[in-house]
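Bear in mind that the values in this text are calculations on the coordinates, not laboratory data. Keep in mind that this is a model prediction, so the values were computed, not measured. Here Cβ is always computed from backbone atoms with ideal geometry, including for glycine, and neighbour counts include all displayed protein chains.
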Amino acid sequence: MDELSPKVQNQIAQFQQLQQQLQALLSQKYQMDVQLKEMEHTIEELSKAPADVTVYRSAGSLLIKKEGKEELLNEIEESKETLEIRVKSLDRQEKSLRDRYQQLQEQISKAFGPAMQGGQAF
């Protein structure tokens, strides 16, 4: 195959960079989803517990006694809301990256002609 034009080389480099960014973003989003599920489970279990139950909050390698389950429930729910906002932000970033990824994939496919048609996308 003939040497690639600088434009196509640049598009390929951008495409590869987008792949890496998308993979990193999806990994981060997955980790946040796991944290959200864990928080939801914690909220569910703590809600079932009696009002006078002794509860502890993890702080690094320490467990700190909390005065009441309601205080801890509120903290966890606030953290969950913050995390949900961050996940929504990642969803928007993911959509933007996927759109750009698709555009570059189409441009590169056109540059290579029919041999590249039907390339795999995320």
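What the Cα convex hull of the chain gives, in volume per residue, is 123 Å³. Annotation: amide H-H contacts under 5 Å for residue 55 (H modelled 1.01 Å from N, sequence separation of 5 or more, or interchain): 66.
Applying the criteria of a DSSP loop state and at most 13 other Cβ atoms within 10 Å to the GluC sites (Glu not before Pro) of region 27-122 yields 67. What angle do you read, to the nearest 10 degrees and between 0 and 90, between the alpha-carbon axis of helix 69-112 and the longest principal axis of the chain? Tilt of helix 69-112: around 10 degrees.
This model, with +1 at the C-beta of Lys and Arg and -1 at the C-beta of Asp and Glu, gives the chain a dipole about its Cα centre of some 460 debye.
Seen against the Cα atoms of the chain and their longest principal axis, helix 6-48 is set at about 20 degrees.
Given 0.36 nm per residue, what is the gain on full extension from residue 82 to residue 44 after removing their alpha carbon distance, in nm?
Numbers: separation 38, 0.36 × 38 = 13.68 nm, distance 1.80 nm.
Contour length minus the Cα-Cα distance gives 11.9 nm.
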